[in-house]
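Note sheet for the following structure.
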Amino acid sequence: MNTKVFVFFLAIVGCTFAGEQDVLDLTDNDFSSRIADIDTTLVMFYAPWCGHCKRLKPEYAKAGELLRGSDPQIVLAKVDCTEGGKDTCSQFSISGYPTLKIFKNGEFSADYNGPREAAGIAKFMKAQTGPASKDLLTVTEIEEFLKVQETTVVGFFEKETDLKAVFLKYADKFREKLRFGHSSAADVLKNYKETNGIVLFRAPQYQNKFEPNSVTFKGTSLDELTTFVKENFHGLVGHRTRDLAQDFKNPFVIAYYTVDYAKNPKGTNYWRNRILKVAKEYSGDYRFAVSSKDDFQHELNEYGYDYTGEKPVVLARDKDNQKFIMTSEFSVENLQQFLSDLEEGNLEPYLKSEALPDSNDGPVKVAVAKNFDEIVTNNGKDTLIEFYAPWCGHCKKLTPVFEELGTKMLDEDVEIVKVDATANDVPPQFEVRGFPTLFWLPKDSKSKPVKYDGGREVDDFVKYISAHATNELKNYDRSGKVKKNDKSEL
């Protein structure tokens, strides 16, 4: 074998091994014996062909590396349900992939419902072992504790108090999401000038000159502490990851760029500091965050971006979920101007939309984002609307049914409409989580669409429309039967 080829081969093997060496590969023959002596094991039951499993595997392997040497011991393992682990998967009633379960000393403990990215998996699993809050006995110990790149909540208590009880209760409740420590050591209390208090310490990589590195809780109750942490955890400009995306509710402003605190914290904070400078002076309602453009490419696509350069792309959503784009190149001045225009209502919302159809005279009207109000909201008719995806098999099966239904409703005060939900923005009042999704909109209350969950045959739709139409149909009675004086095609 050519020397260079051999070296390259070894490098590939080494990379593969490095990515998998911290995850046990278990089969029916050794599953029980190998996890019996491990304090805590997270097991992924998977199938090699499963797309979700393939996406999870690199994150899972990285989490295994992060948990290496943990004390108490935490190990990640995996079982192939299609080959050597069939009996084990059957024993634990595995019916979908990937399924993750937690085991303690070989015994099933709980289903895993935590994050699916490396840092989140590691953090979640660490919370499964030991006390919810670490007892910190010396100044050196707490200093080392706060060097970890996680925002941490620490309680300082000279003696047993009601506030300490609140802290421990909160820590136990949120142990899987947050990191906690506490101390009653005299040297620690003196050093941090706290004898009965709770302090949130920002992770080292998020610390900056625009806001304090720590924030002290001023309340007394569990509800107040919950609100305090929620409002202060992310600071002026949060790091919005896939696992924390739900923390950032509308209205928000997000800067997308190469956010990577593991490999390039300096470059990440170069841009974040500029956003912090603006956020510090901002007094409006929008919250700020930075997000990795690679992790959130699907969101960039929603704004029409297939590619972004080195500088941040700034996007926003208002309280009504309307989308806005900062079209000018990123700079502190341009961000300030964007926020000013956003607050004053001077910006046009971005609308992802197909082009208007050349003709819309068929029995089923085609709505796109640009004509949605005209075709649906303000059409003056009761409306049955289908949100579909072009690749969806069930949608394709529904197409001729909808066409026939549209023909039957041509002479009625009813509109039959379809929308490609993959190519057009869907108004926020419609919750479309799968395809096809159908809604009924009475003509006098279009703001309150009713999800249609009935049958999918023509007669099913006719009966539903007949019963729910604002005014009785011309050709059908309320039960959906053809009226005797009907002269239309039966």
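The values are calculated or read from the model by the stated rules, or taken from the named source; none is laboratory data. Worth saying up front: this structure is predicted, and the values here are computed from it rather than measured. Reconstructed Cβ throughout: ideal geometry from the backbone, glycine too, with neighbour counts over all protein chains shown. Keep in mind that these areas ignore ligands, DNA and RNA; they rest on the heavy atoms of the full protein, side chains included. Shrake-Rupley method; radii C 1.70, N 1.55, O 1.52, S 1.80 Å.
When only residues in segment 351-405 that are of a type in the set (G, A, S), assigned to a loop (DSSP other than H, G, I, E, B) and touching a residue at least 40 places away in the same chain (Cβ under 8 Å) count, which is surrounded by the fewest Cβ atoms within 10 Å (Cβ to Cβ)? Among those that are of a type in the set (G, A, S), assigned to a loop (DSSP other than H, G, I, E, B) and touching a residue at least 40 places away in the same chain (Cβ under 8 Å), it is G380.
The set of residues in segment 434-445 that are surrounded by fewer than 19 Cβ atoms within 10 Å (Cβ to Cβ), more than 14 Å from Y464 (Cβ to Cβ) and in contact (Cβ under 8 Å) with a residue 24 or more places away in the chain comprises K443, D444.
Residues that are open to solvent by 80 Å² or more (accessible area, probe 1.4 Å) and under 17 Å from the mean Cα position of the chain (by Cα) were ranked within segment 288-306; the one that is modelled with the lowest pLDDT is H298.
Considering only residues of segment 197-226 that are open to solvent by 70 Å² or more (accessible area, probe 1.4 Å) and not in a loop (DSSP other than H, G, I, E, B), which is nearest to E281 (Cα to Cα)? The qualifying residue nearest to E281 (Cα to Cα) is E224. Could you list, in sequence order, all residues of segment 152-192 that are open to solvent by 30 Å² or more (accessible area, probe 1.4 Å) and assigned to a loop (DSSP other than H, G, I, E, B)? Passing the criteria: E158, K159, E160, T161, F174, R175, E176, K177, S184. Taking the listed residues E415, E472, the one that is of a type in the set (D, E, K, R) and open to solvent by 60 Å² or more (accessible area, probe 1.4 Å) is E472, with no other qualifying.
Residues checked against (1) buried (at least 19 other Cβ atoms within 10 Å of the Cβ); (2) of a type in the set (G, A, S); (3) in contact with a strand residue (DSSP E or B) (Cβ under 8 Å, 6 or more places away or on another chain):
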| residue | (1), (2), (3) |
| --- | --- |
| D37 | no, no, no |
| L56 | yes, no, yes |
| P72 | no, no, yes |
| K78 | yes, no, yes |
| C81 | yes, no, yes |
| K86 | no, no, no |
| F108 | no, no, yes |
| Y112 | yes, no, yes |
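Of all the listed residues (L300, L315), the sole one being closer than 23 Å to F387 by Cβ and outside any loop (DSSP other than H, G, I, E, B) is L300.
Here are D411, D459, D425, D444: which of them is part of a helix (DSSP H, G or I) and either more than 35 Å from the chain's Cα centre (by Cα) or closer than 30 Å to N321 by Cα (or both)? Spell out how you get there, then give the answer.
Working: D411 fails: part of a helix (DSSP H, G or I); D425 fails: part of a helix (DSSP H, G or I); D444 fails: part of a helix (DSSP H, G or I).
Result: D459 is the single residue among D411, D459, D425, D444 that is part of a helix (DSSP H, G or I) and either more than 35 Å from the chain's Cα centre (by Cα) or closer than 30 Å to N321 by Cα (or both).
Answer with yes or no whether K101 is surrounded by fewer than 19 Cβ atoms within 10 Å (Cβ to Cβ), among the basic types (K, R) and either in contact with an Asp or Glu (Cβ under 7 Å, 6 or more places away or on another chain) or farther than 17 Å from G64 by Cα (or both). Criteria met by K101.
Of everything in segment 227-249 that is β-branched (V, I, T) and within 23 Å of R272 (Cβ to Cβ), the residue that is surrounded by the most Cβ atoms within 10 Å (Cβ to Cβ) is V237. Among the residues of segment 114-144, those identified as farther than 30 Å from I94 by Cα, of a type in the set (A, V, I, L, M, F, W, C) and open to solvent by less than 20 Å² (accessible area, probe 1.4 Å) are L136, I142. Within segment 266-279, is even one residue surrounded by fewer than 18 Cβ atoms within 10 Å (Cβ to Cβ) and part of a loop (DSSP other than H, G, I, E, B)? Taking every residue of segment 266-279 in turn, none turns out to be surrounded by fewer than 18 Cβ atoms within 10 Å (Cβ to Cβ) and part of a loop (DSSP other than H, G, I, E, B).
Of all the residues in segment 307-347, those that are in contact with a Leu (Cβ under 8 Å, 6 or more places away or on another chain) and open to solvent by 30 Å² or more (accessible area, probe 1.4 Å) number 2.
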